[in-house]
Each structure stands twice: as C-alpha cells, then as structure tokens.
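What follows is a set of notes on a single structure, which appears directly below.
The values are calculated or read from the model by the stated rules, or taken from the named source; none is laboratory data. Given the structure is predicted, the values throughout are model-derived calculations rather than measurements. A quick note on method: Cβ atoms are made from the backbone with ideal geometry, for glycine too, and the neighbour counts reach across all protein chains shown.
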Amino acid sequence: MSEKVLMKGNEAIAEAAILAGCRHYFGYPITPQTEIAAYMAKRMPKIGGTFLQAESEIAAINMVYGVSAAGKRVMTSSSSPGISLKGEGISYLAGADLPALVVNVQRGGPGLGGIQPSQSDYFQATRGGGHGDYHMIVLAPASVQEMAEFTVRGFELADQYRMTAMILADGTMGQMMEPVSLDLHVAPMPEKPWATTGTRMQRPHNIVNSLYLVPEVLERSNFERYERYRTVEENETMYESYRMEDAEICIAAFGIAARVSKNAINAARAEGIRVGMIRPQTLWPFPSAPFRAAADRVRCMISVELSMGQMIEDVRLAAECRVPVYLCNRVGGMIPEPEQILAAIREAAKTGGNKQ
Amino acid sequence: MSSAKRLTLFCGHYGSGKTNIALNYALHLRQSGEAVTVADLDIVNPYFRTKDSRAELERAGVGLICSDYAGGNLDIPALPPELYAITDDRSRRVVLDIGGDDRGALVLGRLTPAILAENSYEMLLVINRYRPLTPDAPSTIEVMREIEQAGGIRFTGLVNNSNLGEETTPGTVLASLPYAQAVSEAAGLPVVMTTVKKNLFETLQGQVPGLFPLTLQAKIV
C-alpha cells in the first residue's frame with residue numbers, strides 16, 4: 001500500500017476509517033460529503049461491514065450510539081445542517097462517555113445555506129454543539145493526506161478518552177483530489193471493559209446511559225468527565241508552525257483557509273514582510289500555548305476564516321490582549337483569494353499592532 | 001485523434017477526469033473547425049461543473065448546454081430543456097460530459113434511444129489506475145459494465161487518464177500503460193487516447209500513442 005492513489009478528501013476519510021477498523025457506517029446523503037456515504041456503500045458489503053443509509057441524521061447518530069455501546073468502531077458523516085440534527089445524539093454520546101467519529105464537511109449557513117465550503121460551524125464543533133457541558137475532540141485537516149491520517153487519529157483518540165472525535169473539514173477539503181499514501185499506522189484498539197458485549201454470567205451488567213436523576217451523581221459524572229478533558233488538553237493538542245521563527249505578524253488559520261494563507265505568506269515574504277502562521281490541527285483542544293508564546297514576539301495577529309469570525313475568539317483568548325487580532329474572512333461559500341489575505345498582511349505590516 | 005462520429009460521450013468512475021477531458025476535447029474539435037457544443041449532464045456532483053469554464057468556452061466559440069442550476073448553490077439534479085438539441089440538431093458535434101459511475105449514467109436513459117437511432121457516436125470510458133476503486137482491469141471492467149447497464153448503451157473505446165494530480169510524472173503515465181492495455185483486452189475496446197497535462201505532453205510525445213494534451217483545467221471550487 002506504499003504506492004500513492006489519487007483520492008477525494010471524502011473518499012480518503014472513508015478508506016482511512018475502514019483501515020482503522022471501522023466496520024459500521026450510518027449516514028444520510030448531503031452535499032458536499034456524499035462521497036463518504038457512496039464510498040462506504042460500495043466498500044462495506046465487500047469487507048463484511050455494515051453500510052446503512054438511515055432515514056434521517058437523527059436515526060444515524062443513534063445507530064452510532066448503539067454500535068459504540070457494543071464496543072465497536074463506528075462513524076457517521078454529514079454536512080452542517082445534518083450535524084445540527086445530530087446534535088442531540090452527540091450530546092447523548094458525551095453523556096454516556098461513548099467513543100465515536102463524526103465527520104462534518106461544512107457548507108455555508110445558517111439554515112440550509114448553500115453547498116459551497118465554509119468554516120462557520122467552528123463554534124458548534126468546539127463548544128460541543130448539543131446541550132449540556134461537554135467537548136468533542138475536533139480535528140481540522142488541511143490536505144487529503146491529513147483527511148486520512150486524522151480519521152485514524154480520531155478513532156484512536158475517541159477510544160482512548162471515550163469521547164466523540166469530529167473531523168471538521170469543509171466542502172473544498174471534501175471534494176479536492178490529491179495523491180494520498182494509505183500506508184497508515186493504526187494503534188491497536190484498547191480494551192473496552194464497559195461495552196455491552198454480554199456478561200457470559202461472569203460479570204455484572206454493563207449499563208450505557210446518559211440519564212442521571214440524582215443531582216449529586218450527575219455532578220460527579222460531569223466533574224470526572226472534565227478531569228478527562230484536562231488530560232486531553234494537556235496531551236493531545238496539535239498544530240503546525242509555518243515560518244514563525246522571525247515573524248512579526250502571525251496568521252491563524254485552519255483547513256482550506258490555511259492553504260490559501262500559505263500562498264499569501266510566501267508572497268508577503270517575497271516583499272520582505274516577516275509573516276508566519278500557526279495552523280491549529282486540533283481546534284479542541286485549541287493550541288493556546290503557541291499563540292500565547294507568539295503574542296510576546298509578534299506585533300499583531302490575523303485570523304483568516306471562512307466565517308464571520310469564530311476562531312478569532314480563541315486566538316484573542318490565547319493572546320491575552322497582548323496584541324491586536326484582526327479578522328480576514330469570506331463567508332457564504334466564498335473562499336478568500338491569496339490577494340485578499342496579502343492585502344490584510346500588508347495593511348497589518350503598515351499600521352498593525354503599534355504596542356501601547 | 002478526432003473521430004468522425006457526431007457525438008462523443010465521456011463516462012467513467014467518479015473523479016476519473018471526465019469534465020476536464022470533455023472540455024479539452026471540445027476545444028480541440030472547435031480548433032479543427034467543427035461547430036461544437038459541450039453538454040454537461042453531470043447531475044451527480046454539483047461541485048465541479050463545466051459552467052465554471054463558461055467564459056473560456058464562449059471565447060473559443062464552443063456552445064454549452066448545462067443545467068440552469070449548475071454553478072449555483074442549488075443541489076438539484078435538474079436537466080436543461082436544451083437537452084433535446086443534443087440529438088435533434090444534427091448540424092453540430094456534441095461532446096457529452098456524463099456524471100460519475102452508474103448513477104451518473106442514468107441520465108442517458110432518455111437520450112440513448114435517439115443516440116442509437118442516429119448511430120453516429122463514440123462512447124469513451126475514462127480510466128485512471130491511481131483511483132482507489134479502479135486499480136486494475138477487473139475492478140475497472142466492473143464499473144464499466146455498471147455504467148453500460150444504467151445507460152443502456154455500450155462503450156466504443158477507452159481514454160487512459162491515469163494520473164496522480166500535481167504529483168504526476170512521465171513515469172506515472174508510463175507505468176499505467178500495461179493497466180490500460182489490460183483493460184483494453186478485457187473490454188475488447190481500443191485505447192483511443194492517453195490524456196496528460198500539457199507540461200508532460202512534450203516529454204511523452206512519441207512514447208505513448210494517441211497522446212492528447214489537457215491545457216484547460218476545470219475550475220476547482
């Protein structure tokens with residue numbers, strides 16, 4: 001498998017999930033993620049897996065709950081409006097501490113919005129999205145190779161921490177074709193002594209549930225969950241640092257926005273502007289530490305997003321008001337051109353971040 | 001390179017490169033003096049549309065038939081009313097860009113009877129051995145038969161578009177020739193052309209029969 005193949009981002013997610021041992025996929029078609037379901041429909045029957053087109057996104061996420069409770073690797077995928085529908089089920093997964101992989105190939109919103117790429121589900125993904133106190137591990141790939149690698153990583157992290165991992169991609173990442181190596185390393189699946197696999201009359205029943213009617217018990221379960229989240233924050237943050245060594249301006253961007261930003265950074269460097277980028281690969285946990293460190297060295301930051309400015313809040317929190325953070329964005333399915341980002345960099349180089 | 005048939009249909013697996021090849025082939029026909037129209041009948045994937053290249057086509061004098069919704073934000077598998085001009089107006093060459101796999105080929109259902117009645121068509125299967133679901137002859141033939149069944153029409157030839165995107169080298173193309181040959185033998189169909197990006201065309205010219213350069217790139221979102 002060392003030879004590369006040419007894949008769409010969506011196909012790479014599907015194939016990587018199969019390589020990670022996922023044999024259960026439940027979904028419902030929606031552009032721009034439909035190739036994941038189409039690929040699973042073709043492949044799963046051939047390898048003894050289950051592909052099921054559910055009657056709705058809500059049905060699909062609850063099927064995920066069932067398979068996960070039985071201790072198997074399971075996934076569902078959708079695009080923005082469909083993820084909103086899954087919100088209740090994702091909250092139930094969190095309440096029951098069940099691992100799962102959920103893929104969101106984002107499109108423009110709110111509402112039905114459009115079918116073109118967007119990153120405006122950042123708040124929904126990083127703040128949980130459903131009701132109650134919980135987090136998902138949110139991975140943000142910026143290449144088809146990362147679509148594959150983060151899918152495997154997502155399954156591993158989900159099992160390790162008994163959490164939902166989300167791949168937060170966008171329509172461009174889902175549709176673009178790039179060469180991919182599927183020579184992926186998959187860690188063995190951990191034991192799941194909590195799974196409902198049958199007692200064989202040798203142990204007490206395992207109960208998977210998110211209902212805790214005694215407030216003291218529910219409070220304790222929340223406290224314990226957040227202890228686990230702290231471990232995730234300490235150990236699982238991923239980011240890429242690009243040309244930051246001598247940077248005076250720091251771009252913050254993930255996914256497709258980071259790809260476009262790299263072009264703009266290289267163009268600005270050619271003009272002598274010292275600009276670099278911190279590209280979060282995990283959006284939760286957010287890589288606050290490198291932004292905090294950069295805030296002591298750079299004059300200002302620019303958050304490049306396909307949203308009205310969502311990640312910028314985390315960048316500002318991380319920068320602790322030490323430097324101004326500007327927004328450079330397009331929305332509604334539009335993608336910033338490198339020229340727009342270059343103009344924002346030039347502007348920042350001229351006037352940005354005159355420290356008080 | 002050009003066939004004498006009036007209609008050229010490009011079909012194949014998802015992401016095999018049909019849209020790009022259809023556009024370039026239409027421009028090629030136009031440059032050899034033909035009156036030509038491109039018909040974008042891809043109702044499967046609204047993300048890559050011929051309409052995105054409308055300006056280039058207009059400049060070259062190539063006609064375009066595509067869904068009113070193409071390039072818009074409506075995800076509707078709609079077909080344009082001009083569809084019937086493909087078979088009714090026999091004064092023009094038409095290059096048909098059909099959606100991926102058997103699902104995409106379903107659109108041929110209403111055209112096939114007229115295409116077969118006129119009997120001046122070539123239907124070309126676009127293949128890429130570097131796509132994960134068509135790495136060899138048997139899997140490619142499986143996709144081919146599914147498309148033929150859905151469209152009610154048989155292929156007449158193959159287009160070898162084996163590539164690895166930006167990482168394609170002359171070696172990538174050369175290494176795909178035995179695959180194309182194997183598909184050709186299993187299908188009993190000739191490899192009509194081997195398509196490569198323009199930057200590889202000069203290197204490979206003379207080494208690969210029926211080499212066809214792709215100069216125009218369909219816009220990727």
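Yes/no per residue for (1) surrounded by 21 or more Cβ atoms within 10 Å (Cβ to Cβ); (2) in a helix (DSSP H, G or I); (3) more than 14 Å from chain B (Cβ to nearest Cβ):
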{"residue": "A:Ala165", "(1), (2), (3)": "yes, no, yes"}
{"residue": "A:Leu184", "(1), (2), (3)": "no, no, no"}
{"residue": "A:Lys192", "(1), (2), (3)": "no, no, yes"}
{"residue": "A:Ala195", "(1), (2), (3)": "no, no, yes"}
{"residue": "A:Arg220", "(1), (2), (3)": "no, yes, yes"}
{"residue": "A:Phe223", "(1), (2), (3)": "no, yes, yes"}
{"residue": "A:Tyr229", "(1), (2), (3)": "no, yes, yes"}
{"residue": "A:Ser241", "(1), (2), (3)": "no, no, yes"}
{"residue": "A:Cys250", "(1), (2), (3)": "yes, no, yes"}
ask   = Which residues, taken from the stretch A:14-30, are within 12 Å of chain B (Cβ to nearest Cβ) and part of a helix (DSSP H, G or I)?
value = A:Ala14, A:Glu15, A:Ala16, A:Ile18, A:Leu19
request  = For the stretch B:122-136, indicate whether the set of residues that are in a helix (DSSP H, G or I), in contact with a strand residue (DSSP E or B) (Cβ under 7 Å, 6 or more places away or on another chain) and crowded, with 24+ Cβ neighbours inside 10 Å is non-empty.
outcome  = no
query = Do you know which residues across the stretch A:263-275 are within 25 Å of A:Met147 (Cα to Cα) and crowded, with 20+ Cβ neighbours inside 10 Å?
reply = A:Ala264, A:Ile265
task = Quick one: in the stretch B:100-144, of everything that is free of Cβ contacts under 8 Å to residues at least 60 places away in the same chain and among the small types (Gly, Ala, Ser), which residue is nearest to the other protein chains (Cβ to nearest Cβ)?
result = B:Ser139
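Yes/no per residue for (1) touching a Ser or Thr at 6+ places or on another chain (Cβ under 6 Å); (2) in contact (Cβ under 8 Å) with a residue 24 or more places away in the chain; (3) in a helix (DSSP H, G or I):
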residue: B:Gly171; (1), (2), (3): no, no, yes
residue: B:Tyr179; (1), (2), (3): no, yes, yes
residue: B:Leu200; (1), (2), (3): no, yes, yes
residue: B:Gln217; (1), (2), (3): no, yes, no
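What do you reckon, is A:Pro204 away from every other protein chain (no Cβ under 14 Å), in contact with a helix residue (DSSP H, G or I) (Cβ under 6 Å, 6 or more places away or on another chain) and part of a loop (DSSP other than H, G, I, E, B)?
Working: away from every other protein chain (no Cβ under 14 Å): yes; in contact with a helix residue (DSSP H, G or I) (Cβ under 6 Å, 6 or more places away or on another chain): no; part of a loop (DSSP other than H, G, I, E, B): yes.
When the stated conditions are applied, A:Pro204 does not pass them.
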query = For the stretch A:31-146, list the helices (runs of 4 or more DSSP H) that sit wholly inside it and hold at least 2 residues that are in contact (Cβ under 8 Å) with a residue 60 or more places away in the chain, within 14 Å of another protein chain (Cβ to nearest Cβ) and out of contact with any Lys or Arg (no Cβ under 8 Å at 6 or more places or on another chain); which are they?
reply = none
note = Sole miss for A:Tyr226 among (1) outside the structural domain of A:Pro141 (by TED's automatic domain parsing); (2) in contact with a His (Cβ under 9 Å, 6 or more places away or on another chain) is condition (1)
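Per-residue answers, yes or no, for (1) outside the structural domain of A:Glu149 (by TED's automatic domain parsing); (2) surrounded by fewer than 22 Cβ atoms within 10 Å (Cβ to Cβ); (3) of a type in the set (S, T, N, Q):
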| position | (1), (2), (3) |
| --- | --- |
| A:Asn10 | no, no, yes |
| A:His24 | no, no, no |
| A:Pro45 | no, yes, no |
| A:Gln53 | no, yes, yes |
ask   = If A:Val138 passes every condition in (1) modelled with pLDDT of 95 or more; (2) out of contact with any helix residue (DSSP H, G or I) (no Cβ under 6 Å at 6 or more places or on another chain); (3) not charged (D, E, K, R) but one, which one does it miss?
value = (2)
note = Among strands (runs of 3 or more DSSP E) completely within the stretch A:276-356, the ones holding 2 or more residues that are closer than 20 Å to A:Arg243 by Cα and modelled with pLDDT of 95 or more are A:300-305, A:325-329
ask   = Considering only residues of the stretch B:145-159 that are part of a loop (DSSP other than H, G, I, E, B) and surrounded by 19 or more Cβ atoms within 10 Å (Cβ to Cβ), which is farthest from the chain's Cα centre (by Cα)?
value = B:Ile153
